[in-house]
Amino acid sequence: MNSVEYLNNKKFKIYYPENVEEAVINAIKRGNIWEKKLHNNYKDIILPGNTVLDIGAYLGTHTVAFSQLVGETGKVISFEPQTEIFTLLEKTITENNITNVELHNNAVYNINKKIQFSNTNNGKASISHIRPRLPNPVKKEIQAITIDSLKLDRCDMIKLDVEKCEWLVLEGAKETIIKYKPIIFIEVFKTASNLLKLRTFTKQHNYSYASMGGADFVLIPN
């Protein structure tokens, strides 16, 4: 566990596995905000009372910031399929006395079904058939759900980091996106096929998109 300072000089205790070395955990150990460039945009977009989805929450480095921004009248709904990581995410939320976050120990997908999920000892994880070349994975069957199946009463923003499963997640959130037109922060690896899917999705749903640097994009309803 280490403390990271977010908005208004407020520090949150973030819990992480001691036996894993990777970029997010190393940032936490240094007391740094992971993906600070995104956080600098969140504070200009998320309003008190908003509902924000954190899909691929991992250790909660974005979830805790979202909880601050939506305030007591808002809600954060966070999804993390890895069992050990989810336990640490729960601990982060509990130990920081955060009461506006709803946690789901599920993968998010385009259909509600049991799927095979892979974890590795270096922090990498994904739905098994999406990233079949993960080194020495431990595989486990887990429950996947769609965003549309939650029947949300509002959705203002979605942050999506799901290791190459983003288009399937969005497919399973189609009704929610059409109804609420949320702003979407999405990690998309810059392959030709992915960039084509990005252009197709934004055109179909009447969105614009902008690069945030690296593999990160923001999708904004027109």
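The values are calculated or read from the model by the stated rules, or taken from the named source; none is laboratory data. Computed from a predicted model, the values in this text were never measured in an experiment. Every residue, glycine as well, gets a Cβ built from its backbone with ideal geometry; the counts of neighbours run over all protein chains shown.
Which residues, counting only those in segment 101-138, are at pLDDT 90 or above and among the basic types (Lys, Arg)?
Of everything in segment 101-138, those that are at pLDDT 90 or above and among the basic types (Lys, Arg) turn out to be Lys113, Lys114.
Within segment 28-49, identify whether any single residue is of a type outside the set (Lys, Arg), modelled with pLDDT under 95, exposed (fewer than 12 other Cβ atoms within 10 Å of the Cβ) and under 19 Å from Asp161 (Cβ atoms), and answer yes or no.
yes
Conditions tested, residue by residue: (1) over 16 Å from Glu80 (Cα atoms); (2) buried (at least 19 other Cβ atoms within 10 Å of the Cβ); (3) of a type in the set (A, V, I, L, M, F, W, C).
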residue: Ala144; (1), (2), (3): no, yes, yes
residue: Lys151; (1), (2), (3): yes, no, no
residue: Met157; (1), (2), (3): yes, yes, yes
residue: Asp161; (1), (2), (3): no, yes, no
residue: Ile178; (1), (2), (3): yes, no, yes
residue: Phe185; (1), (2), (3): yes, yes, yes
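Out of curiosity, is Asn121 surrounded by fewer than 21 Cβ atoms within 10 Å (Cβ to Cβ), touching an Asp or Glu at 6+ places or on another chain (Cβ under 7 Å) and within 24 Å of Tyr15 (Cβ to Cβ)?
No: the conditions fail for Asn121.
Considering only residues that are out of contact with any strand residue (DSSP E or B) (no Cβ under 9 Å at 6 or more places or on another chain) and of a type in the set (Val, Ile, Thr), look in segment 1-24 and name the one that is farthest from Lys159 (Cα to Cα).
Restricting to residues being out of contact with any strand residue (DSSP E or B) (no Cβ under 9 Å at 6 or more places or on another chain) and of a type in the set (Val, Ile, Thr), the top hit is Val20.
Restricting attention to segment 192-222, which residues are of a type in the set (Ser, Thr, Tyr) and exposed (fewer than 11 other Cβ atoms within 10 Å of the Cβ)?
Within segment 192-222, just Ser193 meets the criteria.
Taking interchain pairs and intrachain pairs at least six residues apart, which have beta carbon atoms under 6 angstrom, with the first residue in segment 162-187 and assigned to a helix (DSSP H, G or I) and the second crowded, with 19+ Cβ neighbours inside 10 Å and of a type in the set (Phe, Trp, Tyr)?
Going by the 6 Å Cβ cut-off, the qualifying pairs are Leu168/Tyr109.
Report the residue count in segment 192-217 for those that are assigned to a strand (DSSP E or B) and either of a type outside the set (A, V, I, L, M) or under 16 Å from Ala173 (Cβ atoms) (or both).
Pass one, segment 192-217, residues assigned to a strand (DSSP E or B): 207-213, 216-217.
After this cut, where a residue has to be either of a type outside the set (A, V, I, L, M) or under 16 Å from Ala173 (Cβ atoms) (or both) as well, the list is 207-209, 211, 213, 216-217.
Final tally of qualifying residues: 7.
When segment 188-221 is examined, which residues are found to be within 21 Å of Val52 (Cβ to Cβ), without any contact (Cβ under 8 Å) to a residue 60 or more places away in the chain and not hydroxyl-bearing (Ser, Thr, Tyr)?
Of everything in segment 188-221, those that are within 21 Å of Val52 (Cβ to Cβ), without any contact (Cβ under 8 Å) to a residue 60 or more places away in the chain and not hydroxyl-bearing (Ser, Thr, Tyr) turn out to be Val188, Phe201, His205, Ala210, Ala215, Phe217, Leu219, Ile220, Pro221.
So which residues in segment 145-161 are closer than 17 Å to Ile115 by Cα and in contact (Cβ under 8 Å) with a residue 40 or more places away in the chain? Don't jump to the end; show me each part of the working.
Residues of segment 145-161 closer than 17 Å to Ile115 by Cα: 145-147, 149.
Correct list: Ile145, Ile147.
Return the residue satisfying two criteria in turn: it lies in segment 42-63 and is under 12 Å from the mean Cα position of the chain (by Cα) and aliphatic (A, V, I, L, M), and of such residues it is farthest from Ala125 (Cα to Cα).
It comes out as Val52.
Consider segment 118-161. How many of its residues are hydrophobic (A, V, I, L, M, F, W, C) and in a loop (DSSP other than H, G, I, E, B)? Spell out how you get there, then give the answer.
In the first step, residues of segment 118-161 are kept if they are hydrophobic (A, V, I, L, M, F, W, C); the result is 125, 127, 130, 134, 138, 142, 144-145, 147, 150, 152, 155, 157-158, 160.
The next check asks that each one be in a loop (DSSP other than H, G, I, E, B); those that pass are 130, 134, 147, 152, 155.
Of the residues in that region, 5 qualify.
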